[in-house]
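Below: the structure, in structure tokens.
The values are calculated or read from the model by the stated rules, or taken from the named source; none is laboratory data. Note that the structure is a prediction, hence the values are computed from the model and not measured. Side chains are part of the model used for accessible areas, which takes the heavy atoms of the whole protein and leaves out ligands, DNA and RNA. Shrake-Rupley method; radii C 1.70, N 1.55, O 1.52, S 1.80 Å.
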Amino acid sequence: MKKLFFVESKQTYADQLAQYLRDEYEVVHFSEAKACLEAMKQLKKSHEDLPDVVVIDQHLSDMPGDKLLK
């Protein structure tokens, strides 16, 4: 199954997306950008596949979404 990382501060949005896409994606929710970055670093370190899709909220509490893309 494909994996999608969803970086969104609102749990309600994450739950809605996960329900909508549950047949096609394993949705992993992060409420902060730093947590997503750490998870991606761990995946790379352990030679696991990175997510197929990353959806990022532009207005996160710890950093702007566009900064996370870099």
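Quick one: how many Å² of HIS59 are accessible to a 1.4 Å probe, rounded to 10?
Its heavy atoms expose roughly 150 Å² to the probe.
When the accessible area of the chain is computed with all protein chains present and a 1.4 Å probe, what percentage of it is carbon and sulfur?
Ligands and nucleic acids excluded, carbon and sulfur give 49 percent.
Tell me, what is the percent relative contact order of the chain, built from C-alpha pairs under 8 Å that lie six or more residues apart?
40 percent
Skipping prolines and chain starts, which residues have an amide H placed within reach, meaning under 5 Å, of the one on VAL55, given they are 5 or more residues away or on another chain?
Correct list: PHE5, PHE6, VAL7.
What would the Debye equation give as log₁₀ I(q)/I(0) for the chain at q = 0.22, 0.26 Å⁻¹, counting only Cα atoms as equal point scatterers?
Ignoring solvent entirely, the Cα scatterers give -0.95, -1.20.
Using Cα positions and a limit of under 20 Å, work out the lysines in reach of LYS10, with same-chain residues fewer than 8 apart set aside.
Candidates past the 8-residue exclusion: LYS34, LYS67.
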